[in-house]
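Single-structure report; data block below.
Bear in mind these aren't lab numbers, they're just calculated from the coordinates by the rules spelled out. Quick caveat: nothing in here was measured; it's all calculated off a predicted structure. Cβ atoms come from the backbone with ideal geometry, glycine included; neighbour counts cover every protein chain shown.
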Amino acid sequence: LRIVLATQNAGKVRELADPLTEFGVEVLGLSSFPEIGDIEETGTTFEENALIKARAVAALTGLVSVADDSGLEVDALNGAPGVYSARYSDDWESLPGESRDARNIRKLLHAMAAVPADKRACRFVSCMAAAKPNGDEMVVRGTWEGTLLESPHGDNGFGYDPIFFDPSARKSAAELTRDEKNARSHRGNALRALLARWAEFMH
Ligand code: ITT
């Protein structure tokens, strides 16, 4: 079976491609379909946005598609940046050479500057959707509980990983190897939930 991973995010591809291949599916990326442009994420929940992306790519390719919509919810900010995690700092100017991920981290640390250690709870959320060209679809959710660090630590991963602290590992997400992160992460948990339902979905 060939599936298309409906994401432009290289970090997600790195985390999902190997486990899906080991599960026994052949994984194509969106780079195999250069005619597919940006898909507008008009939903207000992770589930909706994951389904929007998976549906659109299944319809455009004629193949089963898997999409991930994810983000970081910070309790002290009433769940922000949440579904807007990728776009969180688009209203901020980048410093010279600064990536979008680095600017997002800079804005979030600024917003959290006055928040004490015991009020810095947060969680990563990943909703993963699978869609067939015939309209069949499913969506699952995975989470990862942690706290927000006061400065970046580690170079692995992507996005907010350098400021997400996992209390059980006693490390930031960016200090974990890819396998260590997958074993505990929101995306790893969502993928395991998706694959647990895969045979029934494909039946
Ligand atoms: P696609 O929609 O093409 O998949 P995207 O990056 O726009 O790519 P999202 O809309 O789902 O994807 O935004 C997810 C953002 O949440 C992502 O850009 C990161 O900033 C953050 N995020 C999600 N998972 C993360 C993880 O495992 N580690 C760190 N940050 C993560």
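Odds and ends about this structure:
- Think of each Lys and Arg Cβ as +1 and each Asp and Glu Cβ as -1; about the Cα centre, that makes the dipole of the chain roughly 280 debye.
- Nearest-ten-degree value, helix 10-23 long axis tilted from longest Cα axis of the chain: 50
- Ranked by the mean number of other Cβ atoms within 10 Å per residue, highest first, peptides 196-203, 90-97, 5-12, 174-181 order as 5-12, 174-181, 196-203, 90-97.
- Distances between every pair of Cα atoms in the chain, grouped in 10 Å steps from 0 to the bin holding the largest one, split as 9, 36, 35, 17, 4, 0 percent.
- Efficiency of FRET between ALA17 and GLU98 - r from beta-carbon atoms, R0 30 angstrom, step 0.05: 0.65
- Principal-axis tilt of helix 46-61 within the chain, Cα atoms, nearest 10 degrees: 40
- Centroid-to-centroid separation of region 84-127 and region 1-59 [C-alpha atoms, Å]: 24
- For the chain, the longest principal axis of the alpha carbon atoms and the long axis of helix 186-196 meet at an angle near 20°.
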